[in-house]
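The values are calculated or read from the model by the stated rules, or taken from the named source; none is laboratory data. Given the structure is predicted, the values throughout are model-derived calculations rather than measurements. Note that each Cβ is placed from the backbone with ideal geometry, even for glycine, and that neighbours are counted across all protein chains shown. Just the protein is used for accessible areas: all its heavy atoms, side chains included, with ligands, DNA and RNA removed. Shrake-Rupley method; radii C 1.70, N 1.55, O 1.52, S 1.80 Å.
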Amino acid sequence: MSTDILVSTDWHEQLIAAHAPELSRSVLRTPLFYEGRPLYQCPPRLPNLLLNLARISGYNAILTPERTSTALKKVLGKQCPKLIHILHGAGDREKGYEDRIRLFDLVFVAGQKDYDAFLSYGLATAETCHVIGYCKFDVLPPGPPRFFEDNRPVVLYNPHFDADLSSWMSFGPSLLEAFAKMPDFNFIVAPHLRLRGKGRRLFDKLSQLSQAPNLRFDGGSIHSLNMDYTRTAEIYVGDVSSQVYEFLQTPKPCVFLNAHDAHWRDSPFYRHWTFGEVANSAEEALRLICSAKAEHPGFLAQQVAGFAAAINAGPVSASARVAALIRDFLGRA
């Protein structure tokens, strides 16, 4: 069974070369290809798919972490390869459970939480959905680098890109101004990689204006992808990003930001907000950051149980599980 890896940026090529150099010969560039651009910039997905139809239609199956590829079902009809989806995170936000999941022939989820949800919502069946764990854990670097020269506690502020859910536009400016005046902490400000539009422009502006030595800004580097920040930080501050589950690979204090008056209690889409205190203003968030370590024991059991439900640890690596399931599926297809 041969495999091609279709990539749309030179960042993808670099990641493959770093983690699986033996696969470099399998890498093929898509028709729309970005080179020398920031990590957070990628070519538009749908045009890239349409320009690549001749090649795509020749495959038996496509494994992808995104969902735009489901358009191939309509375009190619019976000529469409089998579509296999592997979730790129283990988060809770509502959009993670969208109807396009039904269009995949095989779906891989990180843990029992999403397996149960997909079956409950009718997005997949016990035959098409499989729990495999978290592939990113298979390729973690030995240890995160040091981002600050001193040993002060590191706080990661990780706002989401979705303007309807994110704390960035409402709380971000006030938080950053206050962070610069809190010398007892170091802060990493690393929004979701897909931050766009007004949010991206605000980030660029604020990161250029601030010169505080205890602030590190990252608009989208490899550190935001390989868990360097989530493993370095001692306190997580965020809203709905699935990175909170990566952070909780080791249970640690969390503070969540409710910038949209969300009715989050008892909502499965805010399950992670039970892992720490929830702030309804920037001012309250600052107080909760200062008390987060002291309050953490009260949330420890919930964090451990929540992580176990979201990400299955299993004795076999997630990557090996995926490979075996795909071989079995294609053997029966």
Does the range 209-225 contain any residue that is of a type outside the set (S, T, Y), within 27 Å of Y97 (Cβ to Cβ) and in contact with an Asp or Glu (Cβ under 6 Å, 6 or more places away or on another chain)? no
Being touching a Ser or Thr at 6+ places or on another chain (Cβ under 8 Å), closer than 21 Å to R231 by Cα and open to solvent by 50 Å² or more (accessible area, probe 1.4 Å) is the filter here, so list the residues in the range 278-306 that pass it. Q302
Considering residues that are in contact with a strand residue (DSSP E or B) (Cβ under 6 Å, 6 or more places away or on another chain) and open to solvent by less than 10 Å² (accessible area, probe 1.4 Å), the number found within the range 84-99 is 2
Within the range 217-245, how many residues are of a type outside the set (S, T, Y), open to solvent by less than 10 Å² (accessible area, probe 1.4 Å) and either under 20 Å from T274 (Cβ atoms) or free of Cβ contacts under 8 Å to residues at least 12 places away in the same chain (or both)? 7
Do we have any residue at all in the range 191-199 that's closer than 27 Å to L72 by Cα and surrounded by 21 or more Cβ atoms within 10 Å (Cβ to Cβ)? yes
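Given the structure, is K78 without any contact (Cβ under 8 Å) to a residue 40 or more places away in the chain, over 18 Å from C135 (Cβ atoms) and of a type in the set (K, R)? So that I can check it myself, show each step before the final result.
Numbers: without any contact (Cβ under 8 Å) to a residue 40 or more places away in the chain: yes; over 18 Å from C135 (Cβ atoms): yes; of a type in the set (K, R): yes.
So K78 fits the description; yes.
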State all residues of the range 155-181 that are over 17 Å from N258 (Cβ atoms), touching a strand residue (DSSP E or B) at 6+ places or on another chain (Cβ under 7 Å) and among the aliphatic types (A, V, I, L, M); if no residue qualifies, say none. V155, L156, L176, A180
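Residues checked against (1) out of contact with any Ser or Thr (no Cβ under 6 Å at 6 or more places or on another chain); (2) acidic (D, E); (3) farther than 28 Å from S120 by Cβ:
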site: H19; (1), (2), (3): yes, no, yes
site: L32; (1), (2), (3): yes, no, yes
site: K73; (1), (2), (3): yes, no, no
site: I84; (1), (2), (3): yes, no, no
site: D92; (1), (2), (3): yes, yes, no
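Between R327, R332, which is without any contact (Cβ under 8 Å) to a residue 60 or more places away in the chain, open to solvent by 80 Å² or more (accessible area, probe 1.4 Å) and on the phi < 0 side of the Ramachandran plot? Even if it seems obvious, please write down each step before you answer.
Working: R327 fails: without any contact (Cβ under 8 Å) to a residue 60 or more places away in the chain.
Sole residue among the options that is without any contact (Cβ under 8 Å) to a residue 60 or more places away in the chain, open to solvent by 80 Å² or more (accessible area, probe 1.4 Å) and on the phi < 0 side of the Ramachandran plot: R332.
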Pairing a residue in the range 130-146 that is farther than 12 Å from D114 by Cβ and among the aliphatic types (A, V, I, L, M) with any residue that is open to solvent by 50 Å² or more (accessible area, probe 1.4 Å) and at pLDDT below 95, where Cβ atoms lie under 6 Å and the two sit 6 or more apart in sequence or on different chains, gives V139/H19
State which residue pairs qualify: first residue closer than 19 Å to P141 by Cβ and in contact (Cβ under 8 Å) with a residue 12 or more places away in the chain and inside the range 19-31, second residue surrounded by 11 or more Cβ atoms within 10 Å (Cβ to Cβ) and not acidic (D, E) in any location, beta carbons under 7 Å apart, and separation of 6 or more residues or different chains. H19/V139; L23/I5; L23/I16
The residue that is nearest to A110 (Cα to Cα), considering only those in the range 49-83 that are open to solvent by 50 Å² or more (accessible area, probe 1.4 Å) and of a type in the set (K, R), is K82
Hey, E177 surrounded by 15 or more Cβ atoms within 10 Å (Cβ to Cβ), modelled with pLDDT of 95 or more and either more than 13 Å from the chain's Cα centre (by Cα) or closer than 25 Å to H88 by Cβ (or both) or not: no
How about the range 1-29: which of its residues are of a type in the set (D, E, K, R) and either over 21 Å from R45 (Cα atoms) or open to solvent by less than 30 Å² (accessible area, probe 1.4 Å) (or both)? D10, E22, R25
Any residue that is among the hydroxyl-bearing types (S, T, Y) and open to solvent by 30 Å² or more (accessible area, probe 1.4 Å) - is there at least one of those in the range 124-147? yes
Which numbered condition trips up A54, out of (1) part of a helix (DSSP H, G or I); (2) closer than 30 Å to G314 by Cα? (2)
Quick one: count up the residues across the range 268-325 that are of a type in the set (S, T, N, Q) and over 30 Å from M1 (Cβ atoms). 6
Do we find a residue being surrounded by 20 or more Cβ atoms within 10 Å (Cβ to Cβ), among the aromatic types (F, W, Y), within 21 Å of the chain's Cα centre (by Cα) and farther than 22 Å from A178 by Cβ anywhere in the range 257-269? no
